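Bear in mind that the values in this text are calculations on the coordinates, not laboratory data. As the structure is a prediction and not an experimental result, all values here were calculated from the model. Positions of Cβ are backbone-derived with ideal geometry, glycine not excepted, and every protein chain shown enters the neighbour counts.
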């Protein structure tokens, strides 16, 4: 396993006593920019977060957790996640980082249960922790965060979703599929057929989310499952990216073979459109045939081929 960072480290073994670096990495440090590359046995990942051009600090956070312990890795898999914080002063930054730390700690130390259920329980624990801190500390009043988390366990990816950060999958000859559904007012209007995706992109209420981690005592978590194959690329991103680039941009950037340049290209494209928000792009590519595993209960399997066909039909008529 190889981990490399293009800026200073963020996250220490003292912060997460259940794991040892380098296989757990957080970003960004001190609300700024960060880049991280990682190479595993059948996966490669590149993670980039940028403060953008209009914000004073970066409230996005990402995490990579790849256990060195083979038994733990076989049992719990690899974790990649993006959180986009919200709240005044430093509350958003604190919420996104705290959510990822609590998520990873509780996921990897929980008693045995299927991975999707353990992921949901860990995210709900993160929700409770953020809610309690917001209630107890005036500095963090009203804080919350989105969460898009991916567990890769063998040839299955389990995805947990709260908010409007997103997870996409790019597959050769099948194109790009959005795995998650945004929990936002505008996304609900799109799903109801009231407005088009193009209208949603420039809608004045596009940042109004209907579900977040930490703003209520409990949270509903969407869980999805996708069977992976060699050549697949997962993109986990904050809305600072998805609101600024098109699906065509995503396909173009991630189809050139070089994951590092493709991930950076996505962020650069978002900056070119104005960079009005923090931008985070986490790309995970399946470089070899992943080990076969059974689908674990608790998540809704996403039929990619059918979804992509329906998307092409809708685009044709549009």
inquiry  = Give me 102, 213, 282 sorted ascending by neighbouring Cβ count inside 10 Å, so fewest comes first.
reply    = 102, 282, 213
ask   = Considering every Cα-Cα pair within the range 19-110, what fraction, in whole percent, is farther apart than 17 Å?
value = 50
note = For the range 76-150 the translational diffusion coefficient, Stokes-Einstein from a Kirkwood Rh over Cα pairs at 4 °C and viscosity 1.567 mPa s, in µm²/s, is roughly 104
request  = Can you tell me the order of 40-47, 92-99, 124-131 when each peptide is scored by its average per-residue count of other Cβ atoms within 10 angstrom, highest first?
outcome  = 92-99, 124-131, 40-47
note = Taking 111-123, 253-265 and ranking on average Cβ neighbours within 10 Å, highest first, one gets 111-123, 253-265
ask   = Sorted from fewest to most neighbouring beta carbons within 10 Å, what does the list 226, 284 look like?
value = 226, 284
inquiry  = What percentages make up the Cα-Cα pair-distance distribution of the range 64-109 when the bins are 5 Å wide from 0?
reply    = 6, 21, 25, 17, 13, 9, 6, 3, 1
request  = Going by C-beta contacts inside 10 Å, put 84, 222 in order with the fewest on the left.
outcome  = 222, 84
